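Take a look at the structure below.
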Protein chains: 2
Amino acid sequence: MEEHLVLLLKEEVERRIQRLKALMDEKRLDGSFFHYKVDYYYLSGTMQDALLFVPLYEEPILFVKREISRAKIESPLRNIVGVDSYSEVKKYLPPLKRVGVEIDIVPFQEVIRLKELLGNPEIYDSSLLIKQLRKKKSTFEINLLEKAAEIQKKVYSYIPHVLTEGISEIELGGILEAYAKKLGHEGILRMRSLNYEPYSWHILSGESGSVVSQAESPMGGYGLSPAFPVGASFRKIKRNEPIVIDFGICYYGYHVDQTRIFAIGNIPKKFLDAHKVCIEIQNAILEQIPNGTRSKDLFDIGRKIAEKYGYRDCYLGYDPYKVRFVGHGVGLELSELPYIAQRHEYPIEEGSVFAIEPKMVFKGEGSCGIENTVVFSSGKVRIITDNDQGICIV
Amino acid sequence: MEEHLVLLLKEEVERRIQRLKALMDEKRLDGSFFHYKVDYYYLSGTMQDALLFVPLYEEPILFVKREISRAKIESPLRNIVGVDSYSEVKKYLPPLKRVGVEIDIVPFQEVIRLKELLGNPEIYDSSLLIKQLRKKKSTFEINLLEKAAEIQKKVYSYIPHVLTEGISEIELGGILEAYAKKLGHEGILRMRSLNYEPYSWHILSGESGSVVSQAESPMGGYGLSPAFPVGASFRKIKRNEPIVIDFGICYYGYHVDQTRIFAIGNIPKKFLDAHKVCIEIQNAILEQIPNGTRSKDLFDIGRKIAEKYGYRDCYLGYDPYKVRFVGHGVGLELSELPYIAQRHEYPIEEGSVFAIEPKMVFKGEGSCGIENTVVFSSGKVRIITDNDQGICIV
């Protein structure tokens, strides 16, 4: 890593640990474990094979199985201890009566083993703390998100050069991913889930754009087989149909999300009209965010505009597969707090970075809509994925 | 899916469920749940968002959240029930006193919820059953693995056309992945792990090939950042150095694994010599498999040949990062039973498909070695990744 980043990371990690300890104190925890690498990366700066323990009063201890010399370069933490097995950690720990563990994601067996090792302390779900911490992005993080957005902008600018009639969705997806990787895209997107695997090559043309799948998304696509039933397929892209390109980028672990609609030759007027409504919805919601409007009310703004223009049946998908969110936080995971969603009560707070994605799905025909990644800071919302928002005809 | 595959899958799924029920009976289970999509795909044919329950005597029930119409097309199971939430499943279940759950991989919180929902039955780790079942491949599965190997052979044949001096590891990785996807590679590789993410673009040139990382592998590579510290990096590939290309392919969910060594111009003699020893080790181990030799003794055959030629320090990595396996099963996951490993006692059984990968790592200089995917059936071992095994000089 570059030297100035290492220095910044030291202060950054110290602040994160301090904020975590304040939350741990509120919850009366003696300490908290972080097994999930996305979370211990946030708190330590490294993703080497490790287990992080943060005691309430002392310094954090990072137990590293492999590779400790890299962990020591990457992480500014002072207590980095090599272990062959995580069963060795007990001797480094204070007595623990009430302890945080990420029980939303760590396997049952692993939590049971840890409980036994520690003499059966009370367990609190430490994912609740880390999700709250990660919701508010620092300047350091916003800089990384902006670098991810720069890569994404280049990818979207590249699309008109490689989108041709007859190319398959998956072939186009592969070309775009190769281009993005060359620019620094890490390839794998991340989500806090046993079964949901996000991926970059979400390219859906014509009626593919109205195919629903396992993913909690208005449109899933055919995918390549029943073992990967989402995203780009072997379908060959035709003239005069909408082509949805929803391409996530990951840089230094930070995700940005963007969707643009393309077409070769022309696009039926119904998609053009619906697309304009999606942009109107996006702008109306963004305008309200600095006023402290609650998430559910922001969601309602979008729904009402869609209904006003007669898009009740296709806004955010068709029944029974409509989704109930129009925005999701982005950061070290592709989907995290805050959400702009039907059942969420909170307002969007300063420091939030989120994707907003009003979309319309016409069953059997295809989809259109927009998605941008937005930073909310200093009282203003700012789109960082700022390619032209109109449908791009090539 | 093609129609003949659907018919084959019906018989295949029936056989798998019968084999599972026999194991459940041995373990005195009233039923077993499968939350992990790789496992319910094996038992049902679909990866839509679902939860599978297999009772000991009745037919399996697949509970589907999304998308049920696709699940019904993909799966030959007869009981497919749509649910909004998995808390609804109780009303479809018989009373359960002892039940299987994949506690090695399902999050703690999820298992606790399920236990409460079911009135606190005794829990048995059903991953032990499914891992045993999946170890033995059917003809249907071997056909899919061979199709994956065909894609991989094409990718390896393509490498000499795109490997040029000065290209970065990640750029080459992107090009190969794009090519593989166009041929049907699903892009995402799978492993039963909270933190370990396998990926296709494991391309390590020169000293990159001796860099260790989080992965349980003799060589990890630099990767792109501390948030993805493995695999291809921005390092530009030079003349006269070893280039390790270890590129996994996934087709219809089935993985094959292969490694070949390339060089531009020439390669130092030490790598050529070590490479020949790796091939000798591979062949010596493969020759012993049909004799029923135990896994640990197969592992020892390799170690002894390496030592005989003076490669004790670099065989399977250098200390303290040596790995203690030289082979791993492949199938719906990139690493599964059986292993050829220092501490595994069992012999390799008929129906096994595995990758064998003797490799040498010279600290600070680079790596060489071989990896092939091998089918053991009808008393014979057969390499299905049969590109030329020598170092390819371009």
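Every read-out reported here was derived from the displayed coordinates using simple, explicitly stated rules and does not represent laboratory data. The shown structure was predicted, so the numbers you read here are calculated from the model rather than taken from an experiment. Cβ: placed from backbone, ideal geometry, glycine included. Neighbour counts: every protein chain shown.
Among the trypsin sites (Lys or Arg not before Pro) in region A:170-245, those placed in a DSSP loop whose Cβ has at most 14 other Cβ atoms within 10 Å are A:K238, A:R239.
The lysines whose alpha-carbon is closer than 18 Å to the alpha-carbon of B:K276, local same-chain residues fewer than 8 away aside, are B:K304, B:K308, B:K359. Here B:R382, B:R66 are placed in order of increasing Cβ neighbour count within 10 Å, fewest first, which gives B:R382, B:R66. Assuming charge only on the beta carbon of Lys and Arg (+1) and of Asp and Glu (-1), the dipole of region A:61-121 about its Cα centre is about 260 debye to the nearest 20. Bridgeable lysines around B:K131 (alpha carbons under 24 Å apart, same-chain partners fewer than 8 residues away excluded): B:K10, B:K21, B:K27, B:K37, B:K97, B:K115, B:K147, B:K296, B:K380. The fraction of Cα-Cα pairs per 20 angstrom bin, counted from 0 for chain A, comes to 27, 52, 20, 1 percent, rounded to whole percents. Work out the charge dipole of the protein assembly as shown with +1 on the Cβ of Lys and Arg and -1 on the Cβ of Asp and Glu about the Cα centre, then indicate which of A:L52, B:V89, B:I301 is farthest towards its positive end. Comparing the listed Cα positions along the dipole, B:V89 ranks first. Between B:Y158, B:G187, B:I243, the Cα set farthest toward the positive side of the dipole of the protein assembly as shown (charges on each charged residue's Cβ, about the Cα centre) is that of B:G187. Could you tell me which of rounded, prolate or oblate describes region A:110-199, using a ≥ b ≥ c as the square roots of the eigenvalues of the alpha-carbon gyration tensor, with rounded for a/c under 1.5 and, failing that, prolate when a/b is larger than b/c and oblate otherwise? Prolate shape, in that a/c is at least 1.5 and a/b is the bigger ratio.
Charged side chains reduced to their Cβ positions (Lys and Arg at +1, Asp and Glu at -1) give region B:1-157 a dipole of some 240 debye around its Cα centre. Each residue of region B:383-394 was assigned a 3J(HN,Hα) from its phi angle through the Karplus expression (A = 6.51, B = -1.76, C = 1.60, θ = phi - 60°), giving 6, 9, 9, 9, 5, 3, 8, x, 5, 8, 8, 10 Hz with x at Gly and Pro. Annotation: the residues A:S193, A:S126, B:S208, sorted from fewest to most other C-beta atoms within 10 Å of their own C-beta, follow the order A:S193, B:S208, A:S126.
Calculate, for B:R15 and A:E116, the FRET efficiency according to 1/(1 + (r/R0)^6) with r their C-beta to C-beta distance and R0 41 Å; round to the nearest 0.05. Result of the calculation: an efficiency of 0.60.
Residue order for B:T259, A:T46, fewest other beta carbons within 10 angstrom first, comes to B:T259, A:T46. Once C-alpha pairs closer than 8 Å and six or more residues apart are averaged by separation and normalised to the residue number of region B:332-394, the relative contact order reads 24 percent. For B:R113, inter-copy separations between label points set 7 Å beyond Cα along the Cβ vector come to 2.4 nm, shortest first. If the Kirkwood radius is taken over C-alpha pairs of region A:242-394, then at 37 °C and 0.692 mPa s the Stokes-Einstein diffusion coefficient equals 211 µm²/s. Using C-alpha pairs below 8 Å separated by at least 6 residues, the relative contact order for region B:192-266 is 27 percent. Considering only alpha-carbon pairs that sit under 8 angstrom and 6 or more positions apart, the relative contact order computed for region A:223-378 is 26 percent.
Other protein chain C-beta atoms within 10 Å of residue C-beta, averaged over A:165-175: 4. Between copies, the label points at B:G265 (set 7 angstrom from Cα along Cα-to-Cβ) are spaced 5.1 nm, reported in nanometres from shortest to longest. Charge dipole (Cα centre; +1 on Lys/Arg Cβ, -1 on Asp/Glu Cβ; no other charges) of chain A amounts to roughly 280 debye. Counting Lys and Arg as +1 and Asp and Glu as -1 over every other residue whose Cβ lies under 9 Å from the Cβ of A:G174, the net charge comes to -1.
Label point of B:K91 (7 Å along Cα→beta-carbon): distances to the other copies' equivalent points are 5.6 nm, sorted ascending. Compute the Cα gyration tensor for region A:342-382, then decide on rounded, prolate or oblate, letting a ≥ b ≥ c be the square roots of its eigenvalues: rounded whenever a/c is under 1.5, prolate when a/b is larger than b/c in the other cases, and oblate in all that remain. Judged from the Cα gyration tensor, region A:342-382 comes out oblate (a/c at least 1.5, b/c at or above a/b).
Summarising the amide proton neighbourhood of A:L224: residues at separation of 5 or more, or on other chains, whose placed amide H is nearer than 5 Å comprise A:V230. Taking the alpha carbon gyration tensor of region B:161-297, multiplying each eigenvalue by 5 and rooting it gives semi-axes of 25, 22, 16 Å, largest first. The simple Förster model, with R0 at 35 Å and r as the Cβ-Cβ distance, assigns A:E345 and A:K238 a FRET efficiency of 0.20.
Inter-chain neighbour count for A:96-102: the average number of beta-carbon atoms from partner chains within 10 Å of each residue's beta-carbon is 1. Peptide B:184-191 shows a mean partner chain C-beta count of 6 within 10 Å per residue C-beta. Compactness ratio for region B:167-234: Cα radius of gyration over 2.2 N^0.38 Å (N = residue count) comes to 1.10. Normalised by 2.2 N^0.38 Å, where N is the number of residues, the C-alpha radius of gyration of region B:3-134 stands at 0.98. Here, the protein assembly as shown is characterised by an Rg to Rh ratio of 0.95, where Rg is the alpha-carbon radius of gyration and Rh the Kirkwood radius.
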